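What follows is calculated from the coordinates using simple rules that are stated; it is not laboratory data. The structure presented is a predicted model; accordingly, all values stated were derived computationally and were not measured. Cβ atoms come from the backbone with ideal geometry, glycine included; neighbour counts cover every protein chain shown.
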Amino acid sequence: MSFRLPALIFLAALLFQAAPKKTVVTAHGENQDIILTVTVYTTTEDVKELLGGDLGGHYIVADVKVEPKYGKDMVISHDDFVLRDMDAVEKSTPFEPSQIAGKAALIIVRNENGTGNQPARPTFGIGGMGGGAGSGGSTNNGPTNVKAKMQNADEPKDAALEKLLTDKMLPEKKTDQPAAGLLYFALEKVKVKNLQLDYGGKENRITLRFKEKEK
């Protein structure tokens with residue numbers, strides 16, 4: 001018995017120290033018109049569990065719920081959402097399913113001008129169709145050049161995936177009822193603690209930060 005107790009204490013200490021960070025986290029915020037609840041899926045494993053595929057590892061997915069206050073009408077627009085990597089000074093507005101898996105899907109090309117092998121973050125700027133990513137960023141081992149081009153395809157890149165993403169996306173509409181759905185942001189390999197989501201314009205803006213929690 002005298003030998004078992006120290007062993008159990010040692011094992012418990014190892015398990016406690018090895019407890020992984022929770023990568024799927026939720027943040028809440030509100031202004032005078034709406035209540036906003038957002039859960040972010042930041043790793044390829046999280047995204048794959050949510051959607052059945054990891055979107056090539058290029059996207060963070062946000063599960064968004066918007067609730068109007070006091071029975072007011074609200075207008076939901078994807079352009080009102082911006083997800084930022086505060087560490088790398090990068091940002092992305094939501095990408096549409098057609099940009100991810102449709103005929104106009106974006107092809108991301110990476111070229112690292114350094115000696116390291118770390119994958120690059122998307123540092124391109126894309127306008128139109130309601131989605132785009134901000135600029136700025138590099139790997140720890142050298143500067144990174146990231147380009148994106150739109151394919152001109154006769155058929156969707158993945159029609160089934162495009163339909164799935166469309167069905168699950170946050171609807172754009174005017175409503176006085178709660179609405180929920182997913183948004184897809186072209187950011188990757190971002191630590192949860194460095195994420196910030198901004199909603200709205202200069203007035204009545206909601207800013208959410210996401211805090212890692214132990215499982």
Most exposed to least, judged by fewest other Cβ atoms within 10 Å, 70, 41, 184 sort to 70, 41, 184
Once the in-chain neighbours fewer than 8 apart are removed, the aspartates and glutamates whose Cα is under 17 Å from residue 69 read 30, 33, 176, 203
If each K or R counts +1 and each D or E counts -1, the residues other than residue 201 whose Cβ falls under 14 Å of its Cβ total -3
